[in-house]
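> Quick one: structure below, then a few questions.
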Amino acid sequence: MVDTLSKMKVENRSMTIQIIENIQVLANKNNHFKEKQTWNFHKRQPGYAPTPLVEAPQLARQMGVGNIWIKDETRRFDMPSFKILGTSWAVYRALLSRMGTKVESWETFDDLARIFAPLRPLTLVAATDGNHGRAVAHMAALLGFHSHIFVPCGMAESRINAIKNEGAKVTTVNGTYDEAVRQSALEQDDRHVVISDTSWPGCEEIPTWVIKGYATIFQEIDEQLARQFQPGPDLVLVQIGVGALAAAVVQHYRDTDGVSSPKIVGVEPTTAACMLASMKANQIVTLTTPPRTIMAGLNCDTPSLIAWPIVSKGVDLFISIEDEWACQGMRRFATLGLVSGETGAAGIGGLLALLHDPTLSAARASLGIDNSTRILVICTEGATDPVAYEQIVGTSPYAISK
């Protein structure tokens, strides 16, 4: 296999966008049986329903493309983000592993709580910028366990309170998200299990299960498009923090022949582009400057060890954007009646940058974007910080209606 890596840096007035094009394609088997295994698990979770796939033809006309679909993950199992999908599957698999024996068949989560009762007392531990930790706390309460969530200094009070409302103990770390990850890892013992969505040497299995859990999103999309007699997307834009969601995108859309349709674009904040920096170095690197972005869920300084080989080989284009592009994305979503947080709008923000920055014509050409291109973006979270939302969009998130 011949790998080609081209790099370019472009400036647009006050916004700097860094792009790396990776024409290397991953020959990664797309195992739909395993994807459906996680989907069937989620269907037994209380309150399951597929999240909407919103078609936005007017937005597509404004942007000069064929169609735009938005997978709306702002309300999933009464959680404000997609994170509960990876978390619930990882918790389930981790607890099965703790049992050490084959468990009886089950139908409901009440059955699971009874089956896992011998493990108590047990505490589920996580580090978070908000959504993952809340999902871990929610799963712990659902199954009758305690939870302890580590958060970085400066996290929005609304996000901390949401985690506490799930019954968790919350510890604020004097440092970044990655410092919170390091602190949470120290808790692992016989009575504590760390449910991490990023990975490091010695912590690979649970983050792998988190990635597998996200497959439900794309199984739903396939079914929703099939019901509309619509073909799949030509282009997918996906947010990258540590890379778990992007890894799930690659695993779903790449086949054994490495066919690169749809094209996949990874979007990071300029000030927290750890995957982009790693691509430039051709190895995992940690950012030397602490990441600072309003896209809190992407505020990461090191890619996941598990996600790195999948994402680095399977994504066609990496782009980093200034925070203002995410703000523009939030405003565009609001015109559709879709309330998105800053991280949730990163994908559409990346699309806006690609389509409207005149210095990115080469990137657009490499992706083949034209007035027939069918595009998928994922709105990964709702307005988890209502105060910030109102400051950015100009109206309360509670005033937006579909």
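> Amide H to amide H under 5 Å from S147: which residues, 5+ apart in sequence or cross-chain, H placed 1.01 Å off N in plane?
Long-range HN contacts for S147: L124, K169.
> For segment 322-402, what is the accessible area per residue in Å², given a 1.4 Å probe and the full set of protein chains? Let's see the in-between values first.
Values: 2920 Å² over 81 residues.
The answer is 36 Å² per residue.
> Any number yet on Rg/Rh for segment 304-388, C-alpha, Kirkwood?
Reported Rg/Rh (Cα atoms, Kirkwood Rh): 1.00.
> Let me ask something else. Hey, if you put +1 on the Cβ of every Lys and Arg and -1 on every Asp and Glu Cβ in segment 200-296, which of T293, T208, Y253 ends up farthest toward the positive end of that dipole?
Of T293, T208, Y253, it is T293.
> Apply the a/c threshold of 1.5 to the C-alpha gyration tensor of segment 116-201 and tell me whether it is rounded, prolate or oblate.
It comes out oblate by the Cα gyration axes.
> Related question: Ordering T128, T208 from largest to smallest accessible area (1.4 angstrom probe), what's the sequence?
T208, T128
> Continuing with the same structure: So which residue, out of A248, A363, A273, gets the largest mean-square fluctuation from a GNM of the chain using Cα contacts under 10 Å as springs?
Of A248, A363, A273, the Gaussian network model singles out A363 as fluctuating most.
> Volume per residue, Å³, of the convex hull around the alpha-carbon atoms of the chain? Don't skip to the answer; put the middle values down first.
Working: hull volume 55.2 nm³, N = 402.
Cα convex hull per residue, to the nearest whole number: 137 Å³.
> Subtract the Cα-Cα distance of E104 and E205 from 0.36 nm times their separation in residues, and report this length gain in nm to one decimal.
Additional length available on full extension: 34.1 nm.
> Take the chain, connect every pair of alpha-carbon atoms lying under 10 Å apart with a spring to form a Gaussian network, then pick out the residue of I115, I149, I319 with the largest mean-square fluctuation.
It is I115.
> Another question, if that's okay. What distance in nm separates the two pseudo spin-label positions at A365 and R191, each 7 Å out from Cα along the beta-carbon direction?
My value for the distance between the label points is 6.5 nm.
> Let me know the whole percent of all Cα-Cα pairs from segment 274-315 that are separated by more than 15 Å.
The answer is 40 percent, as a whole percent.
> From the P(r) of segment 60-132, could you give the percentage of C-alpha pairs in the tail past 18 Å?
Tail of P(r) above 18 Å: 57 percent of Cα pairs.
> On alpha-carbon atoms, Rg over Rh for segment 56-179 using Kirkwood Rh? Walk me through the numbers before you get to the answer.
Values: Rg = 18.0 Å, Rh = 16.3 Å.
For segment 56-179, the value is 1.11.
> Taking Cα pairs under 8 Å and at least six residues apart, what relative contact order does segment 69-179 come out at, in percent?
The normalised contact order for segment 69-179 reaches 21 percent.
> Among P303, P80, P118, determine the one that fluctuates most according to a GNM of the chain built with springs between C-alpha atoms less than 10 Å apart.
Highest fluctuation of the listed residues: P118.
> Also, I was wondering about something else. List the pairs from K164/K263; K169/K313; K43/K164; K36/K280; K102/K164; K36/K263 whose alpha-carbon separation is above 30 Å, in the order I gave them.
Details: K164/K263 40 Å; K169/K313 38 Å; K43/K164 26 Å; K36/K280 35 Å; K102/K164 33 Å; K36/K263 23 Å.
Table pairs above 30 Å Cα-Cα are K164/K263; K169/K313; K36/K280; K102/K164.
> Continuing with the same structure: Taking 0.36 nm per residue of sequence separation and subtracting the Cα-Cα distance, how much length would be gained by fully extending the chain between D78 and S372, in nm to one decimal?
102.3 nm
> Under unit Cβ charges (Lys, Arg +1; Asp, Glu -1), what dipole magnitude, rounded to 20 debye, does segment 172-291 have relative to its Cα centre?
Approximately 320 debye in magnitude.
> To continue, here is another question. Taking 22 Å as R0, compute the FRET efficiency from the Cβ-Cβ separation of E390 and R292 and round it to 0.05. Walk me through the intermediate numbers first.
Working: r = 21 Å, r/R0 = 0.97.
So the FRET efficiency works out to roughly 0.55.
> By the gyration tensor of its Cα atoms, with a ≥ b ≥ c the square roots of the eigenvalues, what is the shape of segment 258-402: rounded for a/c under 1.5, prolate for a/b over b/c, or oblate?
Oblate, since a/c reaches 1.5 and b/c is not below a/b.
> In addition: Enumerate the amide H contacts of V194 below 5 Å, restricted to partners 5 or more residues apart or on another chain; note that Pro and chain-start residues carry no placed amide H.
Amide H neighbours of V194, under 5 Å, 5+ apart: V125.
> Separate question: Whose amide H sits under 5 Å from the amide H of V173, counting only residues 5 or more places off or on another chain, with H placed in the peptide plane?
V151, C153
The values are calculated or read from the model by the stated rules, or taken from the named source; none is laboratory data. The model shown is predicted, which means the values in this text are computed figures rather than measured ones. So basically every Cβ, Gly included, is an ideal-geometry build from the backbone, and we count neighbours across all protein chains shown. Please note that ligands, DNA and RNA were not included when accessible areas were found on the heavy atoms of the full protein model with its side chains. Shrake-Rupley method; radii C 1.70, N 1.55, O 1.52, S 1.80 Å.
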